[in-house]
Amino acid sequence: MNRDAKSNSFFITVNGQQVLAKEGMSVAAAILSARQISRKSISGEPRAPLCGMGICMECCATVNGEQHKRTCQLLCADGMEIEAQ
């Protein structure tokens, strides 16, 4: 485990980059804090979380091998792996 019990923080991986996340943080927030993308549009444009409530689908990413997960609706967990789609 990569957990720091004192600060309730831990590491996740976003597009191959280790990112420090805190307990209760959404995956979308972690993607934004890492200055990473969550997906690419059909034309290849980088996309990132937009609405923050699961409607726009811009935050969809592959989380722990599961595609098309709405990252604004998921909380970070220790060791989680997120990849842009």
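When the range 11-42 is examined, which residues are found to be touching a helix residue (DSSP H, G or I) at 6+ places or on another chain (Cβ under 7 Å) and either of a type in the set (Phe, Trp, Tyr) or not in a loop (DSSP other than H, G, I, E, B) (or both)? So that I can check it myself, show each step before the final result.
Residues of the range 11-42 touching a helix residue (DSSP H, G or I) at 6+ places or on another chain (Cβ under 7 Å): 12, 14, 19, 21, 26-28, 31, 38.
Matches in the range 11-42: ILE12, VAL14, VAL19, ALA21, SER26, VAL27, ALA28, ILE31.
Name the residue that is surrounded by the fewest Cβ atoms within 10 Å (Cβ to Cβ), counting only residues in the range 34-45 that are in contact (Cβ under 8 Å) with a residue 40 or more places away in the chain and among the charged types (D, E, K, R).
Here is the first cut: in the range 34-45, the residues in contact (Cβ under 8 Å) with a residue 40 or more places away in the chain are 36-40.
If we keep only those that are among the charged types (D, E, K, R) as well, we get 39-40.
Numbers: ARG39: 22, LYS40: 12.
Here the residue is LYS40.
Residues are listed down the side, and each one gets a yes or a no for (1) β-branched (Val, Ile, Thr); (2) open to solvent by 80 Å² or more (accessible area, probe 1.4 Å); (3) modelled with pLDDT of 95 or more; (4) at positive phi:
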{"position": "ARG3", "(1), (2), (3), (4)": "no, yes, no, no"}
{"position": "LEU32", "(1), (2), (3), (4)": "no, yes, no, no"}
{"position": "ARG47", "(1), (2), (3), (4)": "no, yes, no, no"}
{"position": "CYS60", "(1), (2), (3), (4)": "no, no, no, no"}
{"position": "CYS76", "(1), (2), (3), (4)": "no, no, yes, no"}
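The values are calculated or read from the model by the stated rules, or taken from the named source; none is laboratory data. Computed from a predicted model, the values in this text were never measured in an experiment. So basically every Cβ, Gly included, is an ideal-geometry build from the backbone, and we count neighbours across all protein chains shown. Remember, those area values only see protein heavy atoms, side chains included, never the ligands or the DNA or RNA. Shrake-Rupley method; radii C 1.70, N 1.55, O 1.52, S 1.80 Å.
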